[in-house]
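The values are calculated or read from the model by the stated rules, or taken from the named source; none is laboratory data. Just so it is clear, the model here is predicted, and its values are computed rather than measured. So basically every Cβ, Gly included, is an ideal-geometry build from the backbone, and we count neighbours across all protein chains shown.
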Amino acid sequence: MMQGSLRQFKDKLKKKEVKVAVVGLGYVGLPLALEFSKKGFVVFGIEIDKDRLARLKKREAYISDVEPRSLRSALVSGRLIPCGDFSLLKKADVIIICVPTPLKRKNYPDISFIKDAVIAISGNLKRGSLVILESTTYPGTTEEVILPLLEKGGLRHGEGFYLCFSPERIDPGNSRYPVSKIPKVIGGVNRDAALLGKAVYENIVDRVVLVSSTRVAEITKLLENTFRIVNIGLIDELAMMAHKMKIDIWEAISAAATKPFGFMPFYPGPGVGGHCIPKDPLYLYWKAKKFGFNSRFIKLASDLITFMPEYVVNRIESLLKGKGVMFNKSKVLIIGVAYKKDVKDLRKSPALDIIDILIKSRVKVSYHDPLVPYLKFPNLNLKSVFITKENLSKYDCVVIVTDHSRLDYNLILKNAKSIFDTRNVYIGKDNSKIIRL
């Protein structure tokens, strides 16, 4: 790209003449689309989910991180145009792909949503446009899979269009770090593509970090999540070890965290959920195998966090046995079923696995979650029960799985027969009712 062409593109960006399309209006795409619209850009939101489109038509926010008033303003002003028609992309100068990338069985990446989106884009690609993939995937996807699919539409990279990868870094429920405060990493198929991508994201984020290739950008996201899964798996294993040794792991972590260098605290829990940690490192594990490399750390950490719901149930059974209660005739109340604190996201929530194991063990299970009024799955149909003195006294054990802020923990402590606290919400409380993870 000539310097003049880049200047022209930047001038169009400055004048808000560039039209942006975001494909996939989920936890990543909708906040991103809204951020561009806030900065004065016209944004086409491409979404194939009819329920989401219907809710957007009613100007309803279905993502917890999206402020309803801001969403309504963007929709009313026409700066955000949600649609299920990919032909609208012919008007877009920038197309950002934010679709899911789940795992199949045996840790096999499923990039079918990306492929379907890219095939639809390739037939509606405007000459000179920039395509950016944000969906988390394995190193090599952008150039090995996306680039050939886009070029099947007739345009050639560097002449007819440009392609980048920029990993999403959304943290649901984290108000401290909204989209604009999270640095964007970006790698292009060539430097011109990377510079275009940098020019685009500089309109909505405080810092853009250029890397040398799409592969580096792809592995950066997986490195971030692998760092977390390995450390979470480590602390989970240490928690299980410390329990055997009758050591308070929470106290040990607190003491270790006083060291001003060389240590970062991670905390044990009932398992890991959400859209990143449980699956993203396994994309890297799978890709490494293609190169004849067995990543033992990733697999071990994944196995450890996958085992945690079963470990929690084992501890509940042991707790009840110690109180003379038959496990298969017990009543257990689960507090919190979302995968993390103060969000209503159920994706891969360990609470669901814990409930499933308990039900299969013939335990009578109920749950309370102020953000999740009901659980309806093929093998599960429950409604959130109320937290009252009378209700709490009915259960043999109350299990704190997700530590939402909007919970009356004192009421629970006063009226529960016994509590298994997997989140250390009762830190500093010396009470025989409380058993910590």
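The table below gives the values:
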quantity	calculated
Residue, farthest from Ala416 (Cα to Cα), within the range 355-380, restricted to residues that are surrounded by 15 or more Cβ atoms within 10 Å (Cβ to Cβ) and among the polar types (S, T, N, Q)	Ser361
Checking Ile232 against (1) farther than 19 Å from Tyr426 by Cα; (2) touching a Ser or Thr at 6+ places or on another chain (Cβ under 9 Å), the condition it does not meet	(2)
Matching residues, the range 356-414, being among the small types (Gly, Ala, Ser) and closer than 25 Å to Met326 by Cβ	Ser361, Ser366, Ser393
Positions within the range 113-146 being touching a residue at least 40 places away in the same chain (Cβ under 8 Å) and among the charged types (D, E, K, R), in sequence order	Glu134, Glu143
Any hit, the range 415-431, residues being out of contact with any His (no Cβ under 6 Å at 6 or more places or on another chain), outside any loop (DSSP other than H, G, I, E, B) and more than 27 Å from Lys244 (Cα to Cα)	yes
The range 148-164, subset of a type outside the set (Asp, Glu) and over 16 Å from Asp192 (Cα atoms), residue surrounded by the most Cβ atoms within 10 Å (Cβ to Cβ)	Leu150
Failed condition for Asp85, given (1) of a type in the set (D, E, K, R); (2) closer than 24 Å to Ile111 by Cβ; (3) at pLDDT 95 or above	(3)
Residues of the range 10-29 satisfying the condition of being farther than 16 Å from Ile132 by Cβ, touching a residue at least 24 places away in the same chain (Cβ under 8 Å) and not in a loop (DSSP other than H, G, I, E, B)	Lys10, Lys12
Residues (among the hydrophobic types (A, V, I, L, M, F, W, C) and assigned to a helix (DSSP H, G or I)) located in the range 47-67	Leu53, Ala54, Leu56
Identity of the residue in the range 362-385, over 29 Å from Tyr267 (Cβ atoms) and in a loop (DSSP other than H, G, I, E, B), that ends up modelled with the highest pLDDT	Arg362
Of all residues making up the range 210-264, the number that are surrounded by fewer than 19 Cβ atoms within 10 Å (Cβ to Cβ), acidic (Asp, Glu) and within 30 Å of Leu147 (Cα to Cα)	1
Matching residues, the range 390-407, being closer than 17 Å to Asn431 by Cβ and loosely packed, with under 12 Cβ neighbours inside 10 Å	Ser393
